[in-house]
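Enquirer: Take this structure, written in structure tokens, and hold onto it; I'll ask about it next.
Derivation of every value follows stated rules applied to the coordinates shown; laboratory data play no part. Treat the numbers as computed from the prediction; the structure is a model and nothing was measured. No Cβ is skipped: glycine too gets one built from the backbone with ideal geometry, and neighbour counts run over all protein chains shown.
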Amino acid sequence: MRKPVIGGNWKMYKDPSGTTAFFESFRPLIEHSGRCETVICPSFLDLETAVAATRGTRIKIGAQNLYWAKEGAFTGEVSGPMIKASGCSHVIVGHSERRRYFGETDESVLKKTVAALDAGLIPIVCVGEREKENAETVLMEQFRYGIGALSDGQFASIVIAYEPVWAIGAGETATPVTAADAHRLIRALARDSFGAEAANNVRILYGGSVKPESAKGLMAQPEIDGFLIGGASLDPVSFASIVNLEL
Ligand code: PGA
């Protein structure tokens, strides 16, 4: 049984006081949820506040990006060991907004994924097509160059997020069937590269306009092991209602 992961990607929203306010409301709302792992990924500047606000709870904190060098003259960058030292357990790698606006490629995604693992972080590696029609080709390519080169041991420690770019922030969610088809394809690619057991164990999250209303239908698909949620993770009540979904 794969334990679901419900991730919140706050993108460039909230400051430390907004972060504190979020967790004050959110913590009691999810007190009784035990089914899934909950990971919230605020901006770098809010990580320490988020870690402090969730100490002693089962809520985990992740960063949204990292650089692959451990340290050095890389102005403006943040490394895996720095993120780990701030108390994070996860980091998002290769989000489509990073690929689109900041020039990330499958090659940089691979380097960042390895750097995250070396730092003891769990990378949430994002893949997804821009155009609906290209899903298969793009997913095969992103998997092959961004994930396929990992070792078996490295692959066993990652989480994959399938995020069709046309659905992100667009209000248009992939239907449960479309999302499950893409997840099946990713799992088949994982099987080819890493074997049946590894493919069966890897958690594949869906992301792209997940809202409390659409989450239940998506989660009912056995292929979908949780979500990476942008907009709906900013509000403690809507995010908690997804975390608390009955399976
Ligand atoms: P969204 O973002 O839920 O606002 O579509 C998802 C994501 O980009 O991770």
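Enquirer: Among CYS36, CYS41, which is out of contact with any Leu (no Cβ under 7 Å at 6 or more places or on another chain) and within 16 Å of the ligand (Cβ to nearest atom)?
Expert: Answer to the selection: CYS41.
Enquirer: I'd like to check which helices (runs of 4 or more DSSP H) are fully inside the stretch 1-98 and have at least 1 residues that are under 18 Å from the mean Cα position of the chain (by Cα), touching a residue at least 24 places away in the same chain (Cβ under 8 Å) and buried (at least 24 other Cβ atoms within 10 Å of the Cβ).
Expert: By residue number, 47-54, 80-85.
Enquirer: How about the stretch 186-247: which helices (runs of 4 or more DSSP H) wholly inside it have at least 1 residues that are of a type in the set (Phe, Trp, Tyr)?
Expert: Of the helices (runs of 4 or more DSSP H) lying wholly inside the stretch 186-247, those with at least 1 residues that are of a type in the set (Phe, Trp, Tyr) span 236-243.
Enquirer: Let me ask something else. Filtering the stretch 191-217 down to residues that are crowded, with 23+ Cβ neighbours inside 10 Å and free of Cβ contacts under 8 Å to residues at least 60 places away in the same chain, which residue is farthest from the ligand (Cβ to nearest atom)?
Expert: Once the filter is applied, the top-ranked residue is ILE204.
Enquirer: To continue, here is another question. In the stretch 112-127, what residues are over 10 Å from GLY146 (Cβ atoms) and more than 12 Å from the chain's Cα centre (by Cα)?
Expert: Hits for the stretch 112-127 are VAL114, ALA115, ALA116, LEU117, ASP118, ALA119, GLY120, LEU121.
Enquirer: Output the number of residues of the stretch 61-105 satisfying the condition of being away from the ligand (no atom under 16 Å from the Cβ) and either on the phi > 0 side of the Ramachandran plot or of a type in the set (D, E, K, R) (or both).
Expert: 8
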